[in-house]
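Scroll down for the structure; my scribbles are underneath it.
The values are calculated or read from the model by the stated rules, or taken from the named source; none is laboratory data. Since we're looking at a predicted model, the values are computed, not measured. With ideal geometry, Cβ positions are generated from the backbone for all residues, glycine too; neighbour counts draw on all protein chains shown.
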Amino acid sequence: MKIGTRASILALLLSLSAVAVPNSRFAGTWKGKTQIPSVLLTLVEQGKEVSGTITLFSLDGRRQESAISDATVTGNTVEFASAFMDFSLTLTGENRAVLRGKARELDIEFQMIRETH
């Protein structure tokens, strides 16, 4: 096979793989940190469905992990529940978002950065 033909086939395969992967606004691994706990949020989008897990870390090394449920998307925000809090993730820029959590009298907020997409 000639070099030009190989290059053409490679270019075609790369363009097809780019088309096959949908552009997802929320999917990826998001990390956030404040002075006390840290958070790791992994979201998966399939069509209009959003699923994933959220993990909260404390300074003493404890971690709480939960699957997310009841996810709904409105504009640039996805709201979801976990075993320990209700959350909303609002996109603020490319690979940037604000995660807010609320449980009884506790409110938390994280500046999030998407590390993988």
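Pairs meeting the criteria (first residue in region 40-62 and on the phi > 0 side of the Ramachandran plot, second residue part of a loop (DSSP other than H, G, I, E, B) and surrounded by 11 or more Cβ atoms within 10 Å (Cβ to Cβ), beta carbons under 8 Å, at least 6 apart or on different chains) are G52/I68.
Please verify whether L14 is of a type outside the set (S, T, N, Q), at pLDDT 75 or above, farther than 13 Å from M112 by Cβ and more than 22 Å from the chain's Cα centre (by Cα), treating the condition exactly as stated.
Working: of a type outside the set (S, T, N, Q): yes; at pLDDT 75 or above: no; farther than 13 Å from M112 by Cβ: yes; more than 22 Å from the chain's Cα centre (by Cα): yes.
Here the answer is no, as L14 does not meet what is asked.
Is there a residue being over 25 Å from G47 (Cβ atoms) and either touching a residue at least 60 places away in the same chain (Cβ under 8 Å) or of a type in the set (S, T, N, Q) (or both) anywhere in region 91-109? Taking every residue of region 91-109 in turn, at least one turns out to be over 25 Å from G47 (Cβ atoms) and either touching a residue at least 60 places away in the same chain (Cβ under 8 Å) or of a type in the set (S, T, N, Q) (or both). Among residues of region 87-97 being under 16 Å from D107 (Cα atoms) and not β-branched (V, I, T), the one that is surrounded by the most Cβ atoms within 10 Å (Cβ to Cβ) is L89.
I'd like the residue in region 27-86 that is of a type in the set (F, W, Y) and assigned to a strand (DSSP E or B) and, out of all such residues, is surrounded by the most Cβ atoms within 10 Å (Cβ to Cβ). Step by step, filter region 27-86, then rank; the result is W30.
For region 98-115, the set of residues classified as among the basic types (K, R), surrounded by 14 or more Cβ atoms within 10 Å (Cβ to Cβ) and closer than 15 Å to L56 by Cα consists of R100 only.
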